[in-house]
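As structure tokens, the structure follows; a few thoughts come after it.
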Amino acid sequence: MKKNNIPEQGPREQANKVGGKDEKAGQKARKRSGQHTIGLDLGDKSSRYCVLNEEGEVVLERSVGSTKKAMTQVFGAMPRCRIAMEVGTHSPWLSRLLEKLGHEVIVANARQVKLISQSSRKNDRLDAQMLARLARVDPQLLRPIRHRSEQAQGHLTVIRVRAALVDTRTGLVNAARGLAKAMGERLPKCDTDQMGQERLKMLPAGLREALRPLLQEVESLTEKIKECDVKIEQIGRTEYPETCLLRQVSGVGTLIALTFVLTVEDRERFAKSRDVGCFLGLRPKQSDSGESQPQLRITKEGDMYLRKLLVQGAHCILSHRGPDTDLKRWGLRLSDRGGKNDKKRAVVAVARKLGILLHRLWVTGEVYEPLRNSQATSKQKTVAA
């Protein structure tokens with residue numbers, strides 16, 4: 001038998017070959033008349049897409065690399081289409097790229113679409129086809145979400161990096177405390193930002209040397225967190241001066257204010273400020289049926305980190321060190337009802353009210369009056385008397 005003497009293709013030739021196929025796929029879809037609807041199931045290395053024509057017929061099914069170059073080669077060659085994709089790691093940059101190419105982009109919250117998330121026949125090809133069919137019939141069936149801009153995403157990355165550093169530092173401090181307890185010793189009580197090598201003085205020499213690498217890393221992380229705090233202060237002061245309006249509220253610093261502004265991004269996106277509570281997942285779930293109205297937990301939808309920060313702000317407001325405000329008085333009345341979980345519910349309720357208050361101040365630009373409602377009530381009582 002004759003040997004095959006065709007030389008092996010290198011990475012560049014293989015990439016050109018794949019790129020040529022992608023361009024031909026785009027040209028093939030462009031030749032068909034009418035507006036197309038495309039479902040795109042995103043993967044880490046490659047993604048699957050399905051093209052439907054106006055009649056709902058599948059005209060093209062292919063895979064494409066999850067890179068900017070591959071996506072541009074395929075979808076840049078197509079006329080304006082409606083493209084639906086699931087929210088995920090790659091959806092922010094890809095949605096912005098496809099919009100620049102002139103397409104209508106729908107980012108679906110697939111967890112809310114049971115036809116996809118709970119399908120018994122779940123694979124990339126069928127998911128892409130289902131996304132396309134739902135987007136063709138009614139985009140609202142996909143519970144679409146809106147990604148933030150590239151600039152806001154970049155600034156929010158600084159905040160996310162700080163959060164990761166704080167979580168890592170907390171883990172190291174907890175590990176050091178646990179290891180010390182296992183030897184019958186205890187590290188002194190202090191906040192995590194105050195933990196360092198000087199806290200090892202009271203421990204035996206052997207344990208002190210064993211724990212020293214952990215606390216050295218803790219000190220290093222504390223310095224990096226302080227650097228992030230400086231960056232966040234600078235970003236809030238120079239790029240987002242509206243954060244000053246939000247920082248009028250006790251318990252709200254630059255971190256919470258900037259995270260709120262970057263996450264919401266557009267203050268006009270809500271018809272009412274009360275919608276912020278639903279947006280952040282701080283409203284109770286509902287499963288009413290007839291006279292049955294069970295009390296359920298909050299939905300925990302939306303941005304988890306901002307929800308966590310608002311809960312921290314609520315704890316600060318309700319603490320004994322927090323100043324007297326209408327919000328604090330309202331929260332304390334809820335916590336004093338005497339139920340087992342009333343304190344926890346009060347914290348969540350204050351966090352929801354705090355989000356609403358921050359959005360209201362952002363929209364109106366008003367000066368915050370901590371005891372506005374209480375003073376108005378007292379005046380009414382005085383007039384009535």
Query - Virtual spin-label span in nm between Asp324 and Lys122, 7 Å along Cα→Cβ - result: 5.4 nm
Report summary line: Across 20 Å bins beginning at 0, the whole-percent shares of Cα-Cα pair distances in the chain come to 21, 42, 30, 7, 0, 0
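Please compute the Kirkwood hydrodynamic radius of the stretch 35-112 from all pairs of different C-alpha atoms, in Å with one decimal.
On the way: mean 1/r = 0.0803 Å⁻¹.
Evaluated over the stretch 35-112, this radius sits at 12.5 Å.
With a/c under 1.5 counting as rounded, go ahead and sort the stretch 167-298 into rounded, prolate or oblate using the C-alpha gyration tensor (a ≥ b ≥ c being the square roots of the eigenvalues; past the cut-off, prolate if a/b is larger than b/c, else oblate).
Numbers: a/c = 4.11, a/b = 1.65, b/c = 2.49.
Oblate.
What is the chain's relative contact order, in percent, from Cα pairs under 8 angstrom and six or more apart in sequence? Show your work: numbers first, answer last.
Details: 492 pairs, mean separation 39.4, N = 385.
Across the chain, relative contact order equals 10 percent.
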Requested in this report: Just the number, please: carbon plus sulfur as a percent of the accessible area of the chain, 1.4 Å probe, no ligands or DNA/RNA counted.
Outcome: 49 percent
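What do you reckon, how do Trp330, Trp362 stack up by accessible area (1.4 Å probe), largest on top?
Values: Trp330 65, Trp362 10 Å².
The residues order as Trp330, Trp362, largest area first.
State, as an integer percentage, the relative contact order of the stretch 138-272 based on alpha-carbon contacts under 8 Å between residues 6 or more apart. Write out the running numbers ahead of the final one.
Values: 88 pairs, mean separation 40.8, N = 135.
With pairs under 8 Å counted, the relative contact order is 30 percent.
So what's the back-of-envelope 222 nm ellipticity for the chain, counting only DSSP H runs of four-plus at -39500 (n - 2.57) apiece and dividing by all residues, rounded to 500?
On the way: 14 runs with 205 residues, N = 385.
Estimated from H runs of four or more residues: -17500 deg cm²/dmol.
Rounded to the nearest whole Å², what accessible area per residue is found for the chain with the 1.4 Å probe?
Working: 23250 Å² over 385 residues.
That works out to 60 Å² for each residue.
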Report task. Please give the solvent-accessible surface of Asp324 in Å², to the nearest 10, using a probe radius of 1.4 Å with every protein chain present. Result -> 80 Å²
Requested in this report: Could you tell me the accessible area of Met304 in Å² (1.4 Å probe, neighbours in place), rounded to the nearest ten?
Outcome: 140 Å²
Query raised in the report: Once label points are set 7 Å from the Cα along Cα→Cβ at both Glu55 and Asp266, what is their separation, rounded to one decimal in nm?
Result: 3.7 nm
**Report entry** When each of Lys122/Lys285; Lys231/Lys343; Lys45/Lys100; Lys300/Lys344 is checked by Cα-Cα distance, pairs over 25 Å
**Finding:** Lys122/Lys285; Lys231/Lys343
Report task. Using a cut-off of under 14 Å, list every residue of the stretch 107-139 whose amide N is near the label point 7 Å from the Cα of Leu296 along the Cα-to-beta-carbon line. Result -> 112
Requested in this report: Using a 1.4 Å probe and ignoring any ligands, DNA or RNA, find the accessible area of Thr170 and quote it in Å² to the nearest 10.
Outcome: 50 Å²
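Mind giving me the FRET efficiency for Leu115 and Asp342? R0 is 56 Å, r the Cβ-Cβ distance, nearest 0.05 is fine. Walk me through the intermediate numbers first.
Details: r = 39 Å, r/R0 = 0.70.
Rounded to the nearest 0.05, the efficiency is 0.90.
The values are calculated or read from the model by the stated rules, or taken from the named source; none is laboratory data. On a predicted model such as this, the values are computed, not experimentally measured, just so you know. No Cβ is skipped: glycine too gets one built from the backbone with ideal geometry, and neighbour counts run over all protein chains shown. When the accessible area is computed, the model is the full protein with side chains, heavy atoms only, and any ligands, DNA or RNA have been set aside. Shrake-Rupley method; radii C 1.70, N 1.55, O 1.52, S 1.80 Å.
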